[in-house]
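The structure appears right after this line, and notes come after that.
The values are calculated or read from the model by the stated rules, or taken from the named source; none is laboratory data. All values reported here derive from a predicted model rather than from experimental measurement. Glycine also receives a Cβ, built like all others from the backbone with ideal geometry; neighbour counts cover every protein chain displayed.
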Amino acid sequence: MTVEEALIKRKSVRSFLKKEVEIEKIKKILDKAKHAPSGTNIQPWKAYVVSGQKQIDLTEKMVQAFRSGKEEKMEYQYYPKFFKEPFKHRRRETGLLLYSAIDIKREEKEKMKAQWEENYRSFGAPTVIYFTMDKSLETGSYLDYGMFIQSVALMATEVGLGSCIQAVLAQYPDIVREELGIKEDETVICGIALGYEDEDHKINSYRTPRVELEEFVTFVE
Ligand SMILES: Cc1cc2nc3c(=O)[nH]c(=O)nc-3n(C[C@H](O)[C@H](O)[C@H](O)COP(=O)(O)O)c2cc1C
């Protein structure tokens, strides 16, 4: 698979087969993704590979937190409080695509909530990698981190796995920290769900659009 093919093929997968992921595949993914660049090569990434009973326990604790209305305490500001255009529109369009793929209508709030809850179960993925970063590092390291996580997602594509990068998994960092034995000096960044795609599930049937080059590129001579 070429880089171009992997870039086009990768998409967020939100339903997985009940099939374990071979640990050798996970090791291969991380062993190649580690070649991602980082400013002055500091390599800020730290990964926790979670599967089996621990994955079930951790996700259920997050589901309970979500159901009980526990305060979300993400350790960095991922989104702005208010989105302006064109971001607002793109965001809404993405949500509509997802819900219409699974026949949930705008007014069906309970169904939407139930689908949102699946986020905390990583959509049934058998393996989830949680990413953390030392708290002494600064905003620049988030650039490095993005490159690393995209590399993980592209490698997953190459080895035949579906993936979904999930910021939602950093919403209850205290739960993640306790379950995985992560120290206080690490920021929980996000997670990535990994597994074999359930190709027959409607939620995996759509692709998100991208704006054309003319809309975001300026050629200057
Ligand atoms: C940093 C990051 C965090 C994300 N967090 C979530 C998440 O919590 N839940 C989710 O379902 N998708 C999440 N996504 C997936 C995006 O919604 C998705 O990448 C976007 O809609 C484009 O679709 P595609 O990945 O299929 O190309 C995240 C993506 C990124 C890059």
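Tabulated values for the structure
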{"read-out": "When residues of region 121-142 are limited to those that are within 13 Å of the ligand (Cβ to nearest atom) and among the hydroxyl-bearing types (Ser, Thr, Tyr), the one surrounded by the fewest Cβ atoms within 10 Å (Cβ to Cβ)", "value": "Tyr142"}
{"read-out": "Residue check, Arg106 modelled with pLDDT under 95 and not acidic (Asp, Glu)", "value": "yes"}
{"read-out": "Residue in region 12-31 that is of a type in the set (Val, Ile, Thr), assigned to a loop (DSSP other than H, G, I, E, B), out of contact with any His (no Cβ under 6 Å at 6 or more places or on another chain) and within 16 Å of the ligand (Cβ to nearest atom) present", "value": "yes"}
{"read-out": "Meets criteria (within 12 Å of the ligand (Cβ to nearest atom), touching a residue at least 24 places away in the same chain (Cβ under 8 Å), in contact with a helix residue (DSSP H, G or I) (Cβ under 9 Å, 6 or more places away or on another chain) and closer than 19 Å to Val21 by Cα) for Ile165", "value": "yes"}
{"read-out": "The one condition in (1) crowded, with 17+ Cβ neighbours inside 10 Å; (2) assigned to a helix (DSSP H, G or I) that Thr40 fails to fulfil", "value": "(1)"}
{"read-out": "Some residue of region 57-66 being more than 16 Å from the ligand (Cβ to nearest atom), under 30 Å from Lys32 (Cβ atoms) and over 16 Å from the mean Cα position of the chain (by Cα)", "value": "yes"}
{"read-out": "Whichever residue in region 172-186 is in contact with a Lys or Arg (Cβ under 7 Å, 6 or more places away or on another chain) and within 16 Å of the ligand (Cβ to nearest atom) and, among such residues, is nearest to Asp134 (Cα to Cα)", "value": "Pro173"}
{"read-out": "Which numbered condition Ile189 misses (of (1) within 13 Å of the ligand (Cβ to nearest atom); (2) of a type outside the set (Lys, Arg); (3) in a helix (DSSP H, G or I); (4) buried (at least 21 other Cβ atoms within 10 Å of the Cβ))", "value": "(3)"}
{"read-out": "Selection from region 95-120 of residues that are under 18 Å from Arg207 (Cα atoms), within 16 Å of the chain's Cα centre (by Cα) and exposed (fewer than 14 other Cβ atoms within 10 Å of the Cβ)", "value": "Gly95"}
{"read-out": "Candidate set from region 89-139 (those that are of a type in the set (Gly, Ala, Ser) and touching a Ser or Thr at 6+ places or on another chain (Cβ under 9 Å)); member that is farthest from Glu184 (Cα to Cα)", "value": "Ala101"}
